[in-house]
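Colleague: A single structure is presented below for examination.
The values are calculated or read from the model by the stated rules, or taken from the named source; none is laboratory data. All of these numbers come straight from a predicted model, not from anything done at the bench. Virtual Cβ from ideal backbone geometry, glycine too; neighbours counted across all protein chains shown.
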Amino acid sequence: MDGVHDLGGMHGFGPVVREENEPVFHAPWEGTVYAINRTAMGIGLYNIDEMRHGIERLPPAEYLRSTYYERWLATIERNLIEKGVLSAAEIDARLAYLREHPDAEPPRRADPALLERVLRGARAAFQRPPTGEPRFHVGDAVVTRNIHPKGHTRLPRYARDKHGTISHYHGYYVFPDTQAHGQGEQPQPVYSVAFDARELWDGAAEPRARVYLDLWESYLEPA
């Protein structure tokens with residue numbers, strides 16, 4: 001979608017600071033958020049594209065000041081409310097209880113069947129059987145569409161209306177732009193498209209650099 005949530009290729013946000021020896025989680029609560037999200041998706045409460053779209057609907061200022069797992073927590077809450085699993089009132093009541101009882105032990109329940117269901121869901125692939133012939137082939141020159149959807153898309157802004165070449169055909173995959181909005185999987189062919197970095201970033205690109213993006217067929221037109 002258009003907005004601050006699509007930071008790829010945007011200027012003015014400073015350098016990307018790499019943390020030496022970065023831990024998997026900076027605090028225990030981040031691991032809990034990760035587990036909740038994987039469990040919710042593993043048992044089918046929402047899908048990965050709905051999860052991403054929930055993050056994209058954060059107000060810009062909230063998105064920019066939030067950490068990675070704070071954004072995950074926000075989209076978990078939004079999706080569980082929208083799916084009717086929890087209500088905002090129930091979440092508020094639980095938060096109020098924990099503020100009054102900060103040492104309260106979280107409930108625990110051993111459920112091997114649920115664990116296997118979550119693991120099975122986590123292993124689920126997004127590739128689907130082909131339903132037709134791909135429109136493009138390796139070596140074809142293509143141009144990305146200049147689209148500006150209000151909802152979720154996997155075509156970043158910096159790669160719109162840009163010329164590239166089909167480098168590889170991956171097969172049919174679930175289309176995120178529809179799955180994020182409850183419109184079904186609608187699988188499409190996916191291609192690895194090679195771009196000269198100068199096509200994407202002009203003079204700011206590194207010499208002789210190439211960028212490869214995995215893009216769905218409906219994002220592309222013949223050049």
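Colleague: Restricted to segment 138-152, and to residues that are without any contact (Cβ under 8 Å) to a residue 60 or more places away in the chain and over 26 Å from H5 (Cα atoms), which residue is surrounded by the fewest Cβ atoms within 10 Å (Cβ to Cβ)?
Modeller: Step one: of segment 138-152, the residues without any contact (Cβ under 8 Å) to a residue 60 or more places away in the chain are 138-139, 146.
If we keep only those that are over 26 Å from H5 (Cα atoms) as well, we get 138-139.
On the way: V138: 11, G139: 8.
Among those that are without any contact (Cβ under 8 Å) to a residue 60 or more places away in the chain and over 26 Å from H5 (Cα atoms), it is G139.
Colleague: Within segment 114-130, track down each residue that is surrounded by 10 or more Cβ atoms within 10 Å (Cβ to Cβ), out of contact with any helix residue (DSSP H, G or I) (no Cβ under 9 Å at 6 or more places or on another chain) and touching a residue at least 24 places away in the same chain (Cβ under 8 Å).
Modeller: Selection gives Q127, R128, P130.
Colleague: Turning to a different aspect of this structure: Residues that are of a type in the set (S, T, Y) and within 28 Å of K150 (Cβ to Cβ), at least 3 per element: which helices (runs of 4 or more DSSP H) completely within segment 54-137 meet that? Quick ask: steps written out before the conclusion?
Modeller: Details: elements: 60-65, 68-82, 88-100, 112-122.
Ranges flagged: 68-82.
Colleague: Within the group D2, D92, D111, which residue is in contact (Cβ under 8 Å) with a residue 12 or more places away in the chain, acidic (D, E) and outside the structural domain of Q179 (by TED's automatic domain parsing)?
Modeller: Numbers: D92 fails: in contact (Cβ under 8 Å) with a residue 12 or more places away in the chain; D111 fails: in contact (Cβ under 8 Å) with a residue 12 or more places away in the chain.
Going through D2, D92, D111 in turn, just one is in contact (Cβ under 8 Å) with a residue 12 or more places away in the chain, acidic (D, E) and outside the structural domain of Q179 (by TED's automatic domain parsing): D2.
Colleague: Still on this structure, I have one more. Of all residues in segment 167-223, which are touching a residue at least 40 places away in the same chain (Cβ under 8 Å), in contact with a Pro (Cβ under 8 Å, 6 or more places away or on another chain) and of a type in the set (S, T, Y)?
Modeller: Selection gives Y172, Y173, Y191.
Colleague: Let me ask something else. Restricting segment 164-215 to residues that are among the hydroxyl-bearing types (S, T, Y) and touching a Phe, Trp or Tyr at 6+ places or on another chain (Cβ under 7 Å), which is farthest from G151 (Cα to Cα)? Step through it out loud before you land on a result.
Modeller: Here is the first cut: in segment 164-215, the residues among the hydroxyl-bearing types (S, T, Y) are 165, 167, 169, 172-173, 178, 191-192, 212.
From what is left, the residues that are touching a Phe, Trp or Tyr at 6+ places or on another chain (Cβ under 7 Å) are 167, 169, 173, 191-192.
Numbers: S167: 28, Y169: 26, Y173: 19, Y191: 22, S192: 23 Å.
Here the residue is S167.
Colleague: In contact (Cβ under 8 Å) with a residue 12 or more places away in the chain, closer than 30 Å to K83 by Cβ, of a type in the set (A, V, I, L, M, F, W, C) and in contact with a helix residue (DSSP H, G or I) (Cβ under 7 Å, 6 or more places away or on another chain): is that true of L155 in this structure?
Modeller: Working: in contact (Cβ under 8 Å) with a residue 12 or more places away in the chain: yes; closer than 30 Å to K83 by Cβ: yes; of a type in the set (A, V, I, L, M, F, W, C): yes; in contact with a helix residue (DSSP H, G or I) (Cβ under 7 Å, 6 or more places away or on another chain): yes.
Judged against the criteria, L155 is a match.
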